[in-house]
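So the structure is just underneath, and the comments pick up after that.
The values are calculated or read from the model by the stated rules, or taken from the named source; none is laboratory data. Source: prediction; values computed, not measured. All Cβ positions, even for glycine, are placed from backbone atoms using ideal geometry, and neighbour counts span all protein chains on display. Just so you know, the surface numbers come from the protein's heavy atoms only, side chains and all, with ligands and any DNA or RNA stripped out. Shrake-Rupley method; radii C 1.70, N 1.55, O 1.52, S 1.80 Å.
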Amino acid sequence: MKTPLALRIDPTVLAAARECARQDNRTLTNFIETALRQRIAEMTPDHPARGHLGAELARELPRDL
C-alpha cells in the first residue's frame with residue numbers, strides 16, 4: 001500500500017514537474033515517484049527501489065529535473 005505524503009515545493013519546480021509529467025503522459029505523482037526511484041537507483045545500486053525500475057529503464061529515464 002502506498003503512503004500519502006505532504007511536502008512543500010517551490011512553485012517554479014512544481015510547474016516544471018507538472019509540465020514534464022504532462023509531456024510524459026503521466027500523473028504528477030507517477031512522475032515524481034519515478035524520478036525518485038531513478039535517483040535512488042543511481043545513488044544506491046543495491047537498494048530495493050532499483051528492482052522496480054530495472055537497470056535498463058533507470059538508464060533511459062530523463063535526468064534533467
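List of remarks:
- Leu36 vs. criteria surrounded by 10 or more Cβ atoms within 10 Å (Cβ to Cβ) and modelled with pLDDT under 65: no
- Pick from region 40-64, criterion more than 18 Å from Lys2 (Cβ to Cβ) and either touching a Leu at 6+ places or on another chain (Cβ under 9 Å) or modelled with pLDDT of 65 or more (or both), ranking: least open to solvent (accessible area, probe 1.4 Å): Ala41
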